[in-house]
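In what follows, a structure is listed as structure tokens, so that the remarks can point back to it.
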Amino acid sequence: MAKTAKLAADIGGTFTDIVLEDGAKRWSGKVLTTTHAPELGVIEGLRQVLDASGLKPQDIGVCIHGTTLATNALIERKGARTAFITTQGFRDIIEQGYEKRFDHYDLMIDRPVPLVPRTLRFEIAERLAADGSVLVKLDESAVKGLSQRIIAEDVKSVAIGFLHAYAHDHHEKRVRALLTRLLPKDVTICISSEVAPEIREYERFSTTVANAYVRPLMASYLYRLRDQLKEMKLSAPLFLMMSGGGLTTLETAARFPIRLVESGPAGGAILAAQIAAECALPRVLSFDMGGTTAKICLLTNGEPERARKFEIARAYRDMKGSGIPVRIPVIEMVEIGAGGGSIARVDKLSRITVGPDSAGSTPGPVCYGRGGTEPAVTDANLALGKIDPAYFAGGKIPLDEAAALRALQKNIGSRLGLKDFWPAAGVTEIVEENMANAARVHAIERGHDIASCTMIAFGGGAPLHACRLAEKVGVNTVIVPKGAGVGSAIGFLRAPVAYEITKSAVVSLEDFNAERVNKLIATMTADARAVVEPALGKTRPTLHVIADCRYVGQGHEIRVPVPVKKLARTDGAKLKAEFERIYEQVYGLRIPNQEAEAITWSVTVSSKAVKPKRAARAAKKAAPKPRTKRTIYDPALGKQVQAPVYWRFDMKPGSSIKGPAIIAEDETSTIVGANFNATINSLGYIVLERSR
Amino acid sequence: MSKDALAAIRTQVMWNRLIAVVEEQAQSLLRTAFGTITREAGDLSAGVYDPQGNMIAQAMTGTPGHVNTMATAVAHFFKHFPQSTMKPGDVFITNDPWLGTGHLFDYVMMTPVFLGKKLVAFFASTCHVIDVGGVGMSAKANSSFEEGTLIPHSRVRKEGKLNEELLSIILANSRSPVEVRGDILSLISANDTGARRLGDMMTEFGLTSLDALAKHILRQSEKGAREAIKALPEGEWSYEMPLDGYERELTLKSKLIVKNGKITVDFSGTSPASLFGINSPRTYTHAYAVFGLKAVIAPHVPNNIGSLSCFDLITEPGTIVDPIRPSPVTARHVIGQMLADSVFGCLAQALPGTVQAESAGPIWILSLYSAHGRVAPELTAKAKRFAVINMGLGGIGGRPGKDGLATTAFPSGVGTIPVEVTETQCPLYFKRKHYLADSGGAGQWRGGVSQRIEIASTEDAPFAISAATFDRIIHPAQGREGGKPGCVGAAGRGSGTKLPDKGMHIIDAGDSLVLELPGGGGFGKPHKRDRTAVETDIAAGLVTVAAARKDYGYEG
């Protein structure tokens, strides 16, 4: 039996999206996320797509999974009871943070509350110097007492972070070994030298603690999922999407779940990258809106920007600096609490606010009829006629329009003196403005001109809001790909298998110790290969090595590619020349006669990327007949209009329609604004163009 | 949409872009700087100016003492170098404390930007370099001549060619020439980065001049500030703060006058200048006094010459807030960073119940040196030479409705420097760095807690510490609305002795430096504090049971 089918499952805060692909055929489904046991939603969705496709579990050759469970646990503080063990005298580092105000003029800012309270931060006598010499011997006799306190406190996860462990890990490893013997089996232990071996104690400790905090939850979920899939006779290997855009094995994911935060959004960015390549788009704004959040990511020449630092759970007005920093490979994007489930309220100053809190899947928006009482964005979209209840989630989730209207009237309309659809119009206008602002700020921070971008809209919510968002930020073209409603999951199927390992090791480029570097890269490559190979099978992996270099005396580095070969002493000078070339490109000058050094090394082992097909404008075809008509509110015109409803799959490549219109499909609907034309391109994507 | 509305949106976009450009300028500086105080703690600033030298936008990255002083620093260059004499590729430099940012350690770099042959803007940036000669990062000099080398307004790059002679003078007068050279080049390249981006922006928007945009920005900002000032009650309020001083205690007097839509702070009656380097030149005084006012009155109005010009200042020459040459000024932030609390003292009377309690004030700059040349040579025979900086940060005052932030710089905008970064630079190590119990002033909203830091050498050798900026050791941060003061600071040795003054002190081999930072004052009466909050503080060890009984009437 040929195991040719591929399965992707993306668990978001509200929906679980499932995509099954077999050759050119694709089936997809959307079910509500089962927060208490997320694997149940996956199984339910999987049954749906199997039924639709007629395939059997045994036909599936590979499963790829991404989830925001780790992110949500961190945001909602629903991780394990975690303890932190650190060098004596330093238990407050994870709370003190950068000791810096992230806004000069706002005197009321809050700093992030650490995941481990002071009462669960324990110290142990030990101290290594920067060069690894022992200043204070590790007090092994104290570990027993520590274990008793950890047990007494009912701690389920332990993070260990010692000073200078990024380079010298033996004290951390020793304490872990001792604790493993003393603690119950179900208590997991993470050490900073494995989770994020990089200099700067706050960020390393913070990453380690966050990893420990979500590990019990994530590990138990992942293994439960594996077992349930096995019970269904689905024995294909299971890979996890990571925040950096690569795939890894279940075992690695269960050890380093912090690398899974933002895995769903990373899948979306990969989908956007593929569409950018297909449609030859130099500048792209990808707009991914789900049930809980909206994600905005910028791509240049088909590549999203990457970073090695990410901030989780920005607690104060979504402001940079107010979250928990983690050092992991990530795709650079901005995420705000604006999804279909985001709750709308009226504040003390009689202003409509939307989010960041979400009704999630339970109880969900009021219209789900699952006990929700506060109106959400989906309720507003329903009240405005933008969602056709017959099509929502393939018609599998019944919607109560009257209840949505009542809740909007009660919580918004009656407090602002608005009637009919106007409270709903206010809610969508605000959520669209919030997203536009986030997109503008993000583009500006990254030096992009947002108006020159093409927007790629996907996720269940984005096609409903894309035209209006495009108008607000000045974008002229919007692409809604096939399967937009489950875009991130489709992105998973396009992701390379990849794993990146990063390690701090200071090496002079003048007096280049090639032997040390070769050894380091060899070890890191072997470690990364061990992670990747089970997923690769027989395909040969590609190897990328990056050295983060700087002039001696600086504190920040630039990424310099390292040739993949056995390095010789003379390669130091070559690396320096490359470093200075890039440095000059970025900063405009070199610093003559100044020594340079490499600080951090990263090795990425990945499968090769496949070149996508090019899209073209299809020959003109007549527009299909609309299936029906609906009254919708058009914000650009500021009034209600009659809009024909087209079934997406009635529209063949080359057919074109004028807004206002609705193009419906199972997992989402594309609202074609009054100022837009919609055309289907050769790949079946909806191309929305603004008439000026 | 009407034409006017579209034009308004376009202006808004260009304004945002300008802020993005200066932010990139600042990030470039942060990422290329050599001095840890710049690259880790963020002691820098960056801004863009119109051709008349008016600051129109500043980066959020940076610190108020730099930003607000730089607002006026650019125009001073024109006396020596009229705009008409400037050429593309020119860069100008100074570290004049009175005409720059208040002490010799900050080089101000100014770069004119040309579009074709037309001067369209200036970029300026500044950062704290590691050493400028003289007595070093110490307040013990009695005149600015002893504090290091002053570079008057000069051209450091002429039409693209570096002025190597000038550079060699600067470097010959520094103990850390490599780092200083790196930082000067970083400043130059940061401005170049800004200039390139501005050029791109002007091309994209088809602009031949920034004048209309600058006018709009300054007018809108001034309008915002004026409206905020108009909302204040009219009247006069005075506040007097006792300060530790260096050779003697000092008095900082302030009077806030709100009248006819104008706001003025009058520091008349404040103590005469100190004999030692803690005096705050008027430009720096202006920076922090206005920062304090703006943070309370108009926090969200953009910071530029338009909004800054709405705040008037009166000082008496020859005082600690307006020293005249050649008064020493190296540790000028010891006075300067008290000014926010000083104006808060007035504002709290004008706007009762809304102004936070006093904070730890000046950041403690931990300037640590090897002891070479300061002790008998045999004691340092085998020791490594070094000069490093770290930060000691205390607590911020309790706020109406929230506790004060623990161990965070205020009003300075800098942050700490990671322990691991400092330890890779020198043979010192931190023995501890943790919260200090009972340091936050009691109150309904507790003052921010401070910390204890202990530092020793890994070598069998002494080291030196400059205590120039260790303040609030005598006078604590006061509480507000019935809140209690925060703890005073303490600086001493592990062996038990106190550091006697703000001078340079030796820590003997085997001994250690022990610092306890000042805590923030409390806000509101302590007995009104939520009992759960009191218990949480006790459980966390931030408040001891004994102190809770005494201060909060805790009965557990």
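FYI, it's all coordinate maths here, none of it is from the lab. Just so you know, these numbers come straight off a predicted model, no measurement behind them. Cβ placement follows ideal geometry from the backbone for every residue including glycine, while neighbour counts extend to all protein chains displayed.
Once the Cα atoms of helix A:263-278 and of chain A are each reduced to a long axis, what angle between those two axes, in degrees from 0 to 90 to the nearest 10, is obtained?
70 degrees
Can you give the charge dipole size of chain A about its Cα centre, rounded to the nearest 20 debye, using +1 on the beta carbon of Lys and Arg and -1 on the beta carbon of Asp and Glu?
Working: 92 positive and 75 negative charges, 305 e Å.
Approximately 1460 debye in magnitude.
In segment B:447-507, what is the volume of the convex hull around the alpha carbon atoms, normalised per residue and reported in Å³?
Details: hull volume 5.7 nm³, N = 61.
Given the Cα convex hull of segment B:447-507, per-residue volume reads 93 Å³.
Based solely on C-alpha atoms, express the radius of gyration and the Dmax of segment A:403-476 in angstrom.
15.1, 44
Would segment B:202-295 count as rounded, prolate or oblate if I go by the C-alpha gyration tensor, calling it rounded below 1.5 in a/c and otherwise prolate when a/b exceeds b/c, oblate otherwise?
Values: a/c = 4.38, a/b = 1.74, b/c = 2.51.
It is oblate, given that a/c is not under 1.5 and a/b is not larger than b/c.
Report, in debye and to the nearest 20, how large the dipole of the protein assembly as shown comes out about its Cα centre when Lys and Arg carry +1 and Asp and Glu carry -1 on their Cβ.
Working: 147 positive and 129 negative charges, 666 e Å.
The calculation lands at about 3200 debye.
Determine the distance separating the Cα centre of segment B:90-145 from the Cα centre of segment B:220-239; give it in Å without decimals.
Cα centres, segment B:90-145 to segment B:220-239: 32 Å.
If the cut-off is a Cα-Cα distance under 14 Å, which aspartates and glutamates reach residue B:117, setting aside same-chain residues fewer than 8 apart in sequence?
In chain and number order, the partners are B:90, B:159.
Using a Förster radius of 35 Å, what is the FRET efficiency between residue A:691 and residue B:223 based on their Cβ-Cβ separation? Nearest 0.05, please. Mind dumping the intermediate values first?
Working: r = 37 Å, r/R0 = 1.06.
Rounded to the nearest 0.05, the efficiency is 0.40.
Under 16 Å from the Cα of residue A:233, which lysines turn up, not counting those fewer than eight places away in the same chain?
Filter leaves A:3, A:6, A:56.
Under the Karplus relation 6.51 cos²θ - 1.76 cosθ + 1.60, θ = phi - 60°, what is the ordered set of whole-Hz ³J(HN,Hα) values for segment A:80-90, x standing for Gly and Pro?
6, 5, 10, 10, 10, 10, 9, 4, 3, x, 10
Which of the listed residues, A:461, A:97, A:128, is farthest toward the dipole's positive end in chain A, when Lys, Arg count +1 and Asp, Glu count -1 at the beta-carbon?
Working it through, the farthest residue towards the positive pole turns out to be A:461.
Using modelled backbone amide H atoms (1.01 Å from N, in-plane), which distant-in-sequence or interchain residues come within less than 5 Å of residue A:342's amide H?
Long-range HN contacts for residue A:342: A:359, A:377, A:378.
Would you mind checking the pairs A:173/A:538; A:230/A:565; A:230/A:320; A:576/B:79; A:410/B:230; B:255/B:402 and listing those with alpha carbons more than 32 angstrom apart? Don't skip to the end; give the middle numbers.
On the way: A:173/A:538 34 Å; A:230/A:565 41 Å; A:230/A:320 43 Å; A:576/B:79 43 Å; A:410/B:230 38 Å; B:255/B:402 27 Å.
Check vs 32 Å cut-off fails for A:173/A:538; A:230/A:565; A:230/A:320; A:576/B:79; A:410/B:230.
Among DSSP bridges having both ends in chain A, what percentage is antiparallel? Round to the nearest 5.
Details: 88 of 123 bridges.
Close to 70 percent.
Evaluate the Kirkwood expression for the hydrodynamic radius of segment A:628-690, namely the inverse of the mean inverse distance over all pairs of different C-alpha atoms, and round to one decimal in Å. Before the final figure, lay out the partial values.
Values: mean 1/r = 0.0852 Å⁻¹.
For segment A:628-690, inverting the mean 1/r across all distinct Cα pairs yields 11.7 Å.
In nm, to one decimal, how far is the residue B:384 label point from the residue B:205 one, both placed 7 Å along Cα→Cβ?
Computed distance between label sites residue B:384 and residue B:205 equals 4.9 nm.
Per residue Cα convex hull volume for the protein assembly as shown, in cubic angstrom? Provide the component values of the computation, followed by the final result.
Values: hull volume 223.0 nm³, N = 1248.
In the protein assembly as shown, the Cα hull volume divided by residue count equals 179 Å³.
Taking only Cα atoms, what is the 0 to 90° angle, nearest 10, from helix A:170-182's long axis to the longest principal axis of chain A?
The answer is roughly 70 degrees.
To the nearest 500 deg cm²/dmol, what mean residue ellipticity at 222 nm is calculated for the protein assembly as shown from DSSP H runs of n ≥ 4 alone, each contributing -39,500 (n - 2.57), summed and divided by the residues? It would help to have the intermediate numbers written out before the result.
Numbers: 29 runs with 377 residues, N = 1248.
When only DSSP H runs of four or more count, the value is -9500 deg cm²/dmol.
Tilt of helix A:201-231 relative to the longest C-alpha principal axis of chain A, in degrees (0 to 90, nearest 10)?
60 degrees
Using a simple spin-label model with points 7 Å from Cα along the Cα→Cβ vector, what separation in nm is obtained for residue B:83 and residue A:170?
6.6 nm
For A:22, A:131, what's the fewest-to-most ordering of other Cβ within 10 Å of each Cβ?
Values: A:22 17, A:131 12.
In order of increasing Cβ crowding within 10 Å: A:131, A:22.
What do you get when you divide the Cα radius of gyration of segment B:3-209 by 2.2 N^0.38 Å, with N the number of residues?
Working: Rg = 17.0 Å, N = 207, 2.2 N^0.38 = 16.7 Å.
For segment B:3-209, the normalised Cα radius of gyration is 1.02.
Dipole of segment B:279-393 (Lys/Arg Cβ +1, Asp/Glu Cβ -1, origin at the Cα centre): which of B:393, B:302, B:289 lies farthest to the positive side?
B:393
Simple spin-label model, 7 Å along Cα-to-Cβ: residue B:158 to residue A:180 in nm?
Distance between the two pseudo-spin positions: 6.9 nm.
In terms of the Cα gyration tensor, with a ≥ b ≥ c the square roots of its eigenvalues, is segment A:78-209 rounded because a/c is under 1.5, prolate because a/b exceeds b/c, or oblate?
Numbers: a/c = 2.09, a/b = 1.33, b/c = 1.57.
Note, shape of segment A:78-209 comes out oblate.
How long are the three semi-axes of the equivalent ellipsoid of chain A, in whole Å, if each is the root of 5 times an eigenvalue of the C-alpha gyration tensor, listed from largest down? It would help to have the intermediate numbers written out before the result.
Numbers: eigenvalues 377, 165, 133 Å².
Semi-axis lengths for chain A are 43, 29, 26 Å.
Among residues other than residue B:117 whose Cβ falls under 14 Å from its Cβ, what is the net charge (Lys/Arg +1, Asp/Glu -1)? Intermediate results must be reported in sequence, preceding the final value.
Numbers: positive: B:87, B:118; negative: B:90, B:159.
Summing Lys/Arg as +1 and Asp/Glu as -1 gives 0.
In whole Å, how far is the Cα centre of segment B:428-504 from that of segment A:121-153?
26 Å
Could you compute the FRET efficiency for residue B:550 and residue B:145, with r as their C-beta to C-beta distance and R0 at 51 Å, rounded to 0.05? Please report the intermediate quantities before stating the final value.
Numbers: r = 51 Å, r/R0 = 0.99.
Result of the calculation: an efficiency of 0.50.
If one computes the Cα centroid of segment A:62-84 and of segment B:322-388, what distance in Å separates the two points?
Between the Cα centre of segment A:62-84 and that of segment B:322-388, the gap is 44 Å.
Nothing charged except the Cβ atoms of Lys and Arg (+1) and of Asp and Glu (-1): what's the magnitude of the dipole of segment A:530-645 about its Cα centre? Round to the nearest 20 debye. Show your work: numbers first, answer last.
Numbers: 23 positive and 10 negative charges, 310 e Å.
For this selection, approximately 1480 debye.
Can you give me the Kirkwood hydrodynamic radius for chain B, using every pair of distinct Cα atoms, in Å to one decimal?
24.2 Å
Can you tell me the FRET efficiency between residue A:303 and residue A:148 if r is taken as the Cβ-Cβ distance and R0 is 51 Å, rounded to the nearest 0.05? Can you show the working numbers first?
Working: r = 52 Å, r/R0 = 1.01.
Step by step, r from the Cβ atoms, then E = 0.50.
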